[in-house]
Number of protein chains: 2
Amino acid sequence: MSEVRTKAELAQAAAAVLNRLSTTQKDEALQLMANALRQGQEEIITANAEDLERGKQQGTSPSLLDRLALNPQRIEGIASALEQIIGLPDPIGEKLEQIERPNGLHIEKIRVPLGVIGIIYEARPNVTVDAAGLCLKTGNAVVLRGGSSALSSNRKIVELMHAALASSAIPADALQLIEDPNRSSVDEMLKLNGLLDVVIPRGGSSLIRNVVENSTVPVIETGAGICHTYLDQTAQPDMASAIAINAKAQRPSVCNSMETLLVHQDFAQHHLEALGVQLRDVGVELRGCPETLRLLPWAIPATDEDYATEYNDYILNVKIVSSLEDAMQHISQYGTRHSECIITSDQELAERFMQEVDAAAVYHNASTRFTDGFEFGFGAEIGISTQKLHARGPMGLPSLSTTKYMIHGNGQIRG
Amino acid sequence: MSEVRTKAELAQAAAAVLNRLSTTQKDEALQLMANALRQGQEEIITANAEDLERGKQQGTSPSLLDRLALNPQRIEGIASALEQIIGLPDPIGEKLEQIERPNGLHIEKIRVPLGVIGIIYEARPNVTVDAAGLCLKTGNAVVLRGGSSALSSNRKIVELMHAALASSAIPADALQLIEDPNRSSVDEMLKLNGLLDVVIPRGGSSLIRNVVENSTVPVIETGAGICHTYLDQTAQPDMASAIAINAKAQRPSVCNSMETLLVHQDFAQHHLEALGVQLRDVGVELRGCPETLRLLPWAIPATDEDYATEYNDYILNVKIVSSLEDAMQHISQYGTRHSECIITSDQELAERFMQEVDAAAVYHNASTRFTDGFEFGFGAEIGISTQKLHARGPMGLPSLSTTKYMIHGNGQIRG
């Protein structure tokens, strides 16, 4: 039997045990894992050095090498993140509904673990620990398939966590790492219906697209963000520029940053020139529609393809529109339904935007950068779902659960 | 452009309008649809006669022809079912969470429509009306792809509903029927990411398997039911036989009926002979394990394949087990995670079964036949989900919704 299937079967058997553990038992296991990572710091750094060396030889870019690199501070951060998960409330066992039927049936809807979760991700070894912690805390077994560039690090990290689990109530089999670096091991995971209950991709758009297009196992898509901010004519100019600069430039590499600024023509007339200069001054390259170029002649012309691009960089499209409808039409055409924002002093206009724009998160007078499990107060984030089934927007622990109906009777039969 | 894509695009445009309608506006449209079906009764019966005639010529089985056939009573039933949907509470707009953040952000999680729902189903024309009613009530546009054997009936029914919508607030485009009878139109629907938000298959196992295996659009699987009932040694014998007979024979053709009876050896010793005769007397063919055959020598030997079969018929596997663990092990191996039941007077044993068995619905001392949206008091049923994402078990109106975060600020930016 293949590595993937063997490990998924072991995970499934372990899930049946995990399902019965108390919150305390799970939290104790997570604490042992955090301790083991701290104690194994040097071993992890040695393993990580192998990955870094291999990466350098293969000509990996410095920014990717940086994501891959582990040092004592980063390992401490990873261990502390596990401890933060311990501190979060356990959603499992929560009674969501209680129904008393006229025939005397007593129906309860209870939150239970999903079962076995497959996580497919790229080079960052911290995801190995984070995903393991989130899944185990919610009573799920997990099959991890990390990027081959982090294989030595991931192997060592999982080895340490396995050793920690051995003295906990959680079976070590509940945590599986697929070591086969070939793409075929991903393909096999995506067809493991009956063994994996869900697959969650975490990574770049091509990784996500592959999972969405090829998985027969249900997927939670954590997708791309082409996010917009619309500056209405009644936008307060200081607020508008503070939010626009924050949404674009505070951390351009993430999915909730802004890619296109939509500006009402009246606002543009009075304020776009100053705002354009402010954006340029913080290092943002502007690509504008023809009307924008009239006001900002130094900007680059924007193409349709630009409007459809998630730059994740210091680049911003600017488009002047003549109405809320125009703005919403552009968002509907180019948006990825992630996070969309309107800056306006007109309450009615704001409500229309919030109601009508189809996105996981819609904002009035705040930066789209807040779309994040920690910023929403969930204390954790599995990812940000851009699909509509099961979970939408930042996903906290409850999104790693499903429900079960428990029905108590005293001999009821159907008539 | 293909019929499928054209109609899906029209549906998507209509969804943006539907999204904004009040419950009253949607209910008024549903009432007009019900009226139109009653008034068009004769036209529907004429169209249905074409389907029936074609079916007969093609040698369709009498039971399939019966499912396809419409008469005044059935049409009245279909119209009344629409009126029942009108009477149900509208889940859209419900505020599910409200979060106040220390930075002053005000976050609300609101129930909103999914958008555009694709329904792929078989010969029963009542599904056309039922699915339309459920989707429109919840503010969703719907693209229906019914079986080609009911095409004339479905066309007429949709024509009448379209005419009704024309004088309502719901755009007629919100309801689309794919008329292309070729399998390729189904294949095309399953790849319409970005236009369809979810696909729900309703029908037999091969239809469902095709959708699950080929759809890149998220699917809600309404799957097969291999349901078990376990008679523990402390089961009250009268209750045990009443529930076993009900679960098997009250309506064997449905997914929540029992396919395998698991019997503790001590219970079997005293009561299986009598129960076997009772089951045989209501017309059930028994297939037994070797121990069962010793007690019921007239039964047929059961094979592994039998245990893995959803008969949907008057056939039942009977297997004697020596413990709760044995019973749960069998359920884990052969069950489809639909509905599972234990009959016992031992409260502790019952709780273990309910906790540990992985299924959408677990029962203590009641027939699995109750797994049904109407029996659960939901007033509607889109189907019974056997997957774990989004919805599990009988699906009422809320399962046709998703959520949206609405965030109000006063200039917040991320630090």
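Annotations for the structure displayed:
- Considering residues of region A:281-302 that are among the acidic types (Asp, Glu) and under 32 Å from the mean Cα position of the chain (by Cα) only, the residue surrounded by the most Cβ atoms within 10 Å (Cβ to Cβ): A:Glu285
- Here B:Arg101 passes the criteria (1) within 14 Å of chain A (Cβ to nearest Cβ); (2) crowded, with 21+ Cβ neighbours inside 10 Å except the one numbered (2).
- Of all the residues in region B:393-415, those that are more than 7 Å from chain A (Cβ to nearest Cβ) and in contact with a Cys (Cβ under 9 Å, 6 or more places away or on another chain) number 1.
- Boolean, A:Asn48 is surrounded by 15 or more Cβ atoms within 10 Å (Cβ to Cβ) and within 14 Å of chain B (Cβ to nearest Cβ): no
- B:Ile382 at pLDDT below 95 and either surrounded by 18 or more Cβ atoms within 10 Å (Cβ to Cβ) or not assigned by TED's automatic domain parsing to the domain that holds B:Arg101 (or both): yes
- A Cβ distance below 6 Å, combined with a sequence gap of six or more or placement on separate chains, defines the contacts here; from region A:233-252, residues that are hydrophobic (A, V, I, L, M, F, W, C) reach residues that are part of a helix (DSSP H, G or I) in the pairs A:Ala235/A:Phe267; A:Ala247/A:Thr368; A:Ala247/A:Arg369.
- Pair list, Cβ < 7 Å and 6+ apart or interchain, from region B:114-130 residues that are on the phi > 0 side of the Ramachandran plot to residues that are in a loop (DSSP other than H, G, I, E, B): B:Gly115/A:Asp358; B:Gly115/A:Lys388; B:Gly115/B:Asn140; B:Gly115/B:Asp197
- Residue that is surrounded by the fewest Cβ atoms within 10 Å (Cβ to Cβ), among those in region B:310-339 that are β-branched (Val, Ile, Thr) and in contact with a strand residue (DSSP E or B) (Cβ under 7 Å, 6 or more places away or on another chain): B:Ile315
- Region A:1-25, subset closer than 23 Å to B:Glu325 by Cβ and touching an Asp or Glu at 6+ places or on another chain (Cβ under 8 Å), residue surrounded by the most Cβ atoms within 10 Å (Cβ to Cβ): A:Ala11
- The strands (runs of 3 or more DSSP E) located wholly in region B:160-247 that include 1 or more residues which are away from every other protein chain (no Cβ under 12 Å), surrounded by fewer than 22 Cβ atoms within 10 Å (Cβ to Cβ) and among the basic types (Lys, Arg) occupy B:198-202.
- Residues of region B:376-390 that are more than 7 Å from every other protein chain (Cβ to nearest Cβ) and part of a loop (DSSP other than H, G, I, E, B): B:Phe378, B:Gly379, B:Ala380, B:Glu381, B:Ile382, B:Thr386.
- In region A:303-350, the residues that are aliphatic (A, V, I, L, M) and within 24 Å of the chain's Cα centre (by Cα): A:Ala308, A:Ile315, A:Leu316, A:Ile331, A:Ile342
- Of the residues in region A:138-153, at least one is out of contact with any Gly (no Cβ under 8 Å at 6 or more places or on another chain), in contact (Cβ under 8 Å) with a residue 12 or more places away in the chain, within 14 Å of A:Val17 (Cα to Cα) and buried (at least 24 other Cβ atoms within 10 Å of the Cβ).
- Filtered residues of region A:366-375 (kept if surrounded by fewer than 23 Cβ atoms within 10 Å (Cβ to Cβ) and either more than 10 Å from chain B (Cβ to nearest Cβ) or in contact (Cβ under 8 Å) with a residue 24 or more places away in the chain (or both)): A:Asp372, A:Gly373, A:Phe374
- Just so you know, in region A:385-411 the residues that are farther than 20 Å from A:Val116 by Cβ and touching a helix residue (DSSP H, G or I) at 6+ places or on another chain (Cβ under 7 Å) include one that is surrounded by the most Cβ atoms within 10 Å (Cβ to Cβ), and it is A:Ile407.
- If you go through region B:340-365 and keep only what is of a type outside the set (Phe, Trp, Tyr), more than 23 Å from A:Leu195 (Cβ to Cβ), at the interface with chain A (Cβ under 9 Å from one of its Cβ atoms) and buried (at least 24 other Cβ atoms within 10 Å of the Cβ), you end up with B:Cys341, B:Ile343.
The values are calculated or read from the model by the stated rules, or taken from the named source; none is laboratory data. This structure is a prediction, so every number in the text was calculated from the model and none was measured. Please note: Cβ atoms are built from the backbone with ideal geometry, for glycine as well, and neighbour counts cover all protein chains shown.
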